[in-house]
Structure formats: C-alpha cells, structure tokens
Amino acid sequence: MPCMTGDEQLTVDLAHRLYQQAVMGNTILYPAVLEGKERLRFFVTDEQSTARSACSPNT
C-alpha cells in the first residue's frame, strides 16, 4: 500500500517517526522514483488483525 508524500525529507522523517511507533514503512526515493514522487510503502497481510493507512483521511 503506497503512501505518497512527494518529498524526500518528509518521507524519511515520517518513516523514522512511524518506526519509533513500531510501524514499518519502506522509503521509496529518487532514483527509484522520479523526484516529487517519493513515497512510503506498507505491506499489509491477512495475519494483521487491523490495518490502518497512514495516508487515509478516515484514520
């Protein structure tokens, strides 16, 4: 599940803050994606009892 941030520093900062809360999000940065398309990627599995998207406006 991608979480589009569009900013490299924001992506890194968000990943670090989430990691401190035991949430793993892989950073996807330039050159893997175009500048301005940076994102966090989350892998949600059926073994998780609940899943919340950090990007969802409903959370």
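The values are calculated or read from the model by the stated rules, or taken from the named source; none is laboratory data. Remember, predicted model here, so these are calculated numbers, not experimental data. Note: ideal-geometry Cβ built from the backbone for every residue, glycine included; neighbour counts use all protein chains shown.
Given the options ARG52, ARG17, name the one that is modelled with pLDDT of 85 or more and among the basic types (Lys, Arg).
ARG17
Consider only pairs whose beta carbons are under 8 Å apart and that are at least six residues apart or on different chains; among these, list those whose first residue lies in the stretch 11-38 and is more than 19 Å from MET1 (Cβ to Cβ) and whose second residue is part of a helix (DSSP H, G or I).
Every condition considered, the pairs that remain are TYR30/GLU8; GLU35/GLU8.
Out of (1) modelled with pLDDT under 95; (2) assigned to a strand (DSSP E or B), the odd one out for THR27 is which?
(1)
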